[in-house]
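These notes are about the structure you will find just below.
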Amino acid sequence: MAKTVFQDGNHETGTLGTRVMAAFLNLIFNHRHDGGAQDGSAPINYAVDTGVANAYVIGLVPALTERVPGMQIIFKAVNANTGAATLTDGVGGAKAIRLPDRSILQEGDITAGCMVSVVWDGTYYIMLSWPGNSREHPVGSYWWNHVDARNPNVILGFGTWVAVPGRFILGVGGGFQAGATGGEANHVLTTAEMPPHSHPYTDRCPETPGWGDGYAVNGTTINQTHRAVYSETTGNSGSGLAHNNMPPFETAYIWRRTA
């Protein structure tokens, strides 16, 4: 049922005015702003944005004729913002959208498809809705997800992200600078990295009558019938293969925001 269009009566011309019934007045007193096209329903200041990123445009029904401080508007943003943004509401030109502290919007404060609530303060449209995730994920931050491999730009609607495959994240400090890389999953020890150790090997020549002075065994001279003691090197042991250098871990998709 369409809304009633009210008209005044005129006794001189015999024109009857619109009759207002008690049921209608009850609806007025108890109405909600639901935007319905029927008696008792009231318009809501809501519209879907038809503009572009950073320049949002709405057309309210019925059309807005003036801005009043304290007036609230809700619109659905089609595009995410990339910086300072404006709203064109049909009254004059575009007006700047600002955060509650009147600061300029940053990239991602409005995300694509989100409901944006603003209130006119006489100069700006002040955002009442919570800023987008760009504040929570600034440039340089990481995005972790255990099951979703998609680029965070697809999920969040903003930012440039690079994958960080096969790496742990290490806190800055203790000689490690921000942005540094290093380490290896498998490592082969060098001689310098091995702990000090020895492999002693001792052989003894028994006392044998008849051995004369100057008899040499492996470079050791045996005088008379004294027992000879000399050293040898043991055979090699070990494979020389790389060993696992990894602490206990759990894998996830990791991305770093670069812009």
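So the values come out like this:
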| read-out | value |
| --- | --- |
| Failed item, numbered, when Val164 is tested on (1) at pLDDT 80 or above; (2) over 30 Å from Gly83 (Cα atoms) | (2) |
| Residues within segment 71-114 that are exposed (fewer than 15 other Cβ atoms within 10 Å of the Cβ), over 23 Å from the mean Cα position of the chain (by Cα) and not in a loop (DSSP other than H, G, I, E, B), tallied | 1 |
| Condition check for Val57: of a type outside the set (Asp, Glu), more than 24 Å from Val139 (Cα to Cα) and touching a Ser or Thr at 6+ places or on another chain (Cβ under 7 Å) | yes |
| Residues that are of a type in the set (A, V, I, L, M, F, W, C) and over 12 Å from Val91 (Cα atoms), drawn from segment 42-74 | Ala42, Ile44, Ala47, Val48, Val52, Ala53, Ala55, Val61, Met71, Ile73, Ile74 |
| Selection count where residues are part of a loop (DSSP other than H, G, I, E, B) and among the small types (Gly, Ala, Ser), scope segment 115-124 | 1 |
| Segment 116-152 - residue that is acidic (Asp, Glu) and modelled with pLDDT of 90 or more and, of those, farthest from Ala178 (Cα to Cα) | Asp121 |
| Residue in segment 182-196 that is surrounded by 17 or more Cβ atoms within 10 Å (Cβ to Cβ), touching a strand residue (DSSP E or B) at 6+ places or on another chain (Cβ under 8 Å) and not hydroxyl-bearing (Ser, Thr, Tyr) present | no |
| Evaluation of Ala192 against (1) within 30 Å of Ile169 (Cβ to Cβ); (2) modelled with pLDDT under 85 (one fails), failing number | (2) |
| Close pairs from segment 246-259: first over 14 Å from Ala185 (Cα atoms), partner loosely packed, with under 10 Cβ neighbours inside 10 Å and modelled with pLDDT of 95 or more, Cβ under 6 Å, at least 6 apart | Tyr253/Ala149 |
| Single match in Gly214, Gly157, Gly210 (criterion: in contact with a strand residue (DSSP E or B) (Cβ under 7 Å, 6 or more places away or on another chain), more than 26 Å from Phe249 (Cβ to Cβ) and modelled with pLDDT under 90) | Gly214 |
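The values are calculated or read from the model by the stated rules, or taken from the named source; none is laboratory data. Since this is a predicted model, take the numbers as computed values, not measurements. Don't worry about glycine lacking a Cβ; one is built from the backbone with ideal geometry, like all the others, and counts go over all protein chains shown.
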